[in-house]
């Protein structure tokens, strides 16, 4: 039977609707009325991104156990030093220079062994790249062989041997800055009456730092570092 005009019109509208659905599915633009075109041509408002809320600054991670910032904490046994409250309890008047005559791991093991009865406040590696603090400055390290000097001094061990002909410049420099910092903090005069070798402690039975230690060079470095430190 021949289609009527109404039937053909319905078929055309159905085909147009299906085509529009297909265009929308693939994202192609469809025909718009004039007012819709004008609206689409308008610039879209730009949304400003919210600024991140600034929180409190991250805390600096420092070791509360060390008195000297470049040092790492390698704790000595509590059996190898005397707890105190210096300089209130006793004035700090001297810095005593030592040589370990052993490598650092052996020294740390000794300081941590209650049977050894020995310690020092600081230990500096032969390269000068590592400084360890083993006893707090307020406490009394057992390093000089003299109870009187122990209570009034800071002891610094250096990795080396008394017959070693050359000590590295880096070790001298690292030690000099540490000693100058101690002198500035406790008002210790930078001279050879107050910066001593272990051998110079009265009644000492040790001969470190030995004849290979260059005192002239070391004291000049300490003096230079001390001038740079604000008191």
From Cα pairs below 8 angstrom and at least 6 apart in sequence, can you work out the relative contact order of the stretch 123-162, rounded to a whole percent?
47
Taking only C-alpha pairs under 8 Å that are 6+ residues apart, what is the relative contact order of the stretch 72-228 in percent?
29
So if the hydrodynamic radius of the stretch 84-219 is defined as the Kirkwood radius over C-alpha pairs, what does Stokes-Einstein give as its diffusion coefficient at 20 °C and 1.002 mPa s, in µm² per second?
145
Take each of the peptides 67-73, 167-173, average the number of other beta-carbon atoms within 10 Å over its residues, and list them starting from the highest.
167-173, 67-73
In whole angstrom, note down how far apart the Cα centers of the stretch 91-155 and the stretch 157-205 are.
12
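Any read-out appearing in this document is the output of simple, stated calculations on the displayed coordinates, not a laboratory observation. Quick caveat, the model's predicted, so the values are computed rather than measured. Quick reminder, even Gly has a Cβ in these numbers, built from the backbone with ideal geometry, and neighbours come from all protein chains shown.
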